[in-house]
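Any read-out appearing in this document is the output of simple, stated calculations on the displayed coordinates, not a laboratory observation. Fair warning: this is a prediction, and the values are worked out from it, not measured in the lab. Ideal geometry is used to build each Cβ from the backbone, glycine not excepted, and the neighbour counts take in all protein chains shown.
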């Protein structure tokens, strides 16, 4: 008996209406090995036929009713064990239906073949060769072709079309305002999204920000640290992110922190009633500089930044933050534990030395994690793709071709697991002095662009770094119109562990 997969199938029937809808018309409980699973799924199907949805928490009431009616004691113990492990699944906002459906169909095909083989072997043991041949000849593979060959205009694709549009409308990770409009629609299940920028521009911090927001949305997140940082360095950085302050005394001194303001507010050219301030700070628009902002903030400490209306013309303002005490390990540990409690244990970290981890090894880790803990990621983060090792079957290729294969297989991972894959990549040297990256600034192999669903450039001048500004521009977006010359500006203060404090376009 395969308790692991049958327990997952049972969970799907209990918590996911979409999963039941996909299997309802062709379901055959006789293919399951576990009697307990057949009983629970039978209850779910009865519930679905009556209410047109999966039972969710109502399964506990259904069980209680059958218990009162004299449910077998041994069967009741098994059902209680299964239901006890479902509390987290009830609360999850994300459930990877597509991946579980693939697993279910594969398992059911395997079970049908095993049962057929047993029947054929029995007939042969009884000397009934013709009956055994008839069984073999009468076998019809179930729905093998349905997963790869469909009529896209038939009534049968209704649920698939609904799912396709739902995924686009429901990103796994959400950012507010300008940055949200810029890239939320690409942060979806099945996507492969990459950040491209120079060294030390904040790629890892941004991947952490994406991970934390995914967890807050109820996603399971698997973070592969491929050699850019050690495990201890990563844990420290997570603590700094959660605390919004560093453990380094130098970064705990008083500092200026950027916030979003409106240029019309600063120039006193706004008459909207919701405007926050009524003082002219600058006589005319001028190039944003660190010193000009500090001078204005010191001269007008009473100024209140405004970002209240759709007419916003974004520009930075600086707020003074007093010195704070450096973060200690005990404070970081408490924050780690508190965050886990809030997000219900949705994060796993796997750390490896540089050029050791390959995509094949990542898949093996995911398989092991799924079997041991039932942990199926909605988001897989790889920090970062350029330092992954090649899989054995293409390790002898030229390095450029190795890189292409690695990116191909990362795309395969997003498709096979029906998850969002996030990673980062370096730029070539010629891009260091550019104000805005273009597709010509790739490192190693341009075919990276062919495999991603979206690639975003990370742009920053030394002056912008001092202020705390990062400009993101779309280099490739597969399913949307985009303009690489119109970046969105993100405010950050990396010294306090925050790559996102606001945004404007």
Original post:
Scaled to the compact-protein estimate 2.2 N^0.38 Å, what is the alpha-carbon radius of gyration of region 399-505, rounded to two decimal places?
Top reply: 1.16
Subject >> Stokes-Einstein D in µm²/s, Kirkwood radius over Cα pairs - region 346-475 at 37 °C with 0.692 mPa s viscosity >> reply: 202
Subject >> For the chain, share of DSSP beta bridges that run antiparallel, in % to the nearest 5 >> reply: 50
Subject >> Fewest-first sequence of 212, 222 by Cβ atoms within 10 Å of each Cβ >> reply: 212, 222
**OP:** Please work out how much length the chain gains when fully extended from residue 30 to residue 349, using 0.36 nm per residue of separation minus the C-alpha to C-alpha distance, in nm with one decimal.
**Re:** 110.9 nm
Subject >> Estimated distance in nm for a label pair at residue 294 and residue 408, the labels positioned 7 Å out from Cα along Cα-to-Cβ >> reply: 5.2
**OP:** Calculate, axis by axis, the spread of Cα positions in region 237-394 along the three principal axes, and write the results as whole Å, longest axis first.
**Re:** 63, 38, 29
Original post:
Beyond 18 Å, what share of the Cα-Cα pairs of region 254-321 remains, rounded to the nearest whole percent?
Top reply: 28
Original post:
Mean separation of Cα pairs under 8 Å and 6+ residues apart, divided by the residue count of the chain: what relative contact order is that in percent?
Top reply: 19
Subject >> Efficiency of FRET from Cβ geometry, residue 134 and residue 230, R₀ 51 Å, rounded to 0.05 >> reply: 0.20
Original post:
Can you work out the FRET efficiency for the pair residue 159 and residue 51, with r the C-beta to C-beta distance and R0 = 22 Å, to the nearest 0.05?
Top reply: 0.80
**OP:** Treat each spin label as a single point 7 Å out from the Cα along the C-beta direction, and report the residue 287 to residue 436 distance in nm.
**Re:** 1.7
Subject >> Cβ-based exposure ranking for 95, 182, 399, in which fewest neighbours within 10 Å come first >> reply: 399, 95, 182
Original post:
Put a dot 7 Å past each Cα toward the Cβ at residue 184 and residue 479; how far apart are the dots in nm?
Top reply: 1.6
Original post:
Relative to a virtual label point 7 Å from the Cα of residue 323 in the Cα→beta-carbon direction, which members of region 241-264 show backbone nitrogen distances below 17 Å?
Top reply: 245-257
Original post:
Tilt of helix 399-416 relative to the longest C-alpha principal axis of the chain, in degrees (0 to 90, nearest 10)?
Top reply: 60
**OP:** Kindly state, to the nearest 0.05, the FRET efficiency for residue 151 paired with residue 429, given R0 = 51 Å and r defined as their beta-carbon distance.
**Re:** 0.50
Original post:
For region 254-321, what is the relative contact order in percent, using Cα pairs closer than 8 Å and at least 6 residues apart in sequence?
Top reply: 55
Original post:
Which entry in (i) 1.09; (ii) 1.03; (iii) 1.17 matches Cα Rg over 2.2 N^0.38 Å derived from the coordinates of this structure?
Top reply: (iii)
Original post:
How many angstrom separate the Cα center of region 1-34 from the Cα center of region 455-505?
Top reply: 44
Original post:
Among 289, 330, 324, 453, which comes first, second and so on when ranked by fewest other beta-carbon atoms within 10 Å?
Top reply: 330, 289, 324, 453
Subject >> Isotropically averaged projected area of region 3-119, using the convex hull of Cα atoms (one quarter of hull area), nm² >> reply: 7.6
Original post:
Taking the alpha-carbon centroid of each part, what is the distance from region 60-84 to region 148-204 in angstrom?
Top reply: 40
**OP:** For residue 125 and residue 340, calculate 0.36 nm times their separation in residues minus their Cα-Cα distance, and state this gained length in nm to one decimal.
**Re:** 71.7 nm
Original post:
How far is helix 158-169 tilted, in degrees, relative to the longest principal axis of the Cα atoms in the chain, given as a value from 0 to 90 rounded to the nearest 10?
Top reply: 20
Original post:
If one computes the Cα centroid of region 366-418 and of region 121-138, what distance in Å separates the two points?
Top reply: 44
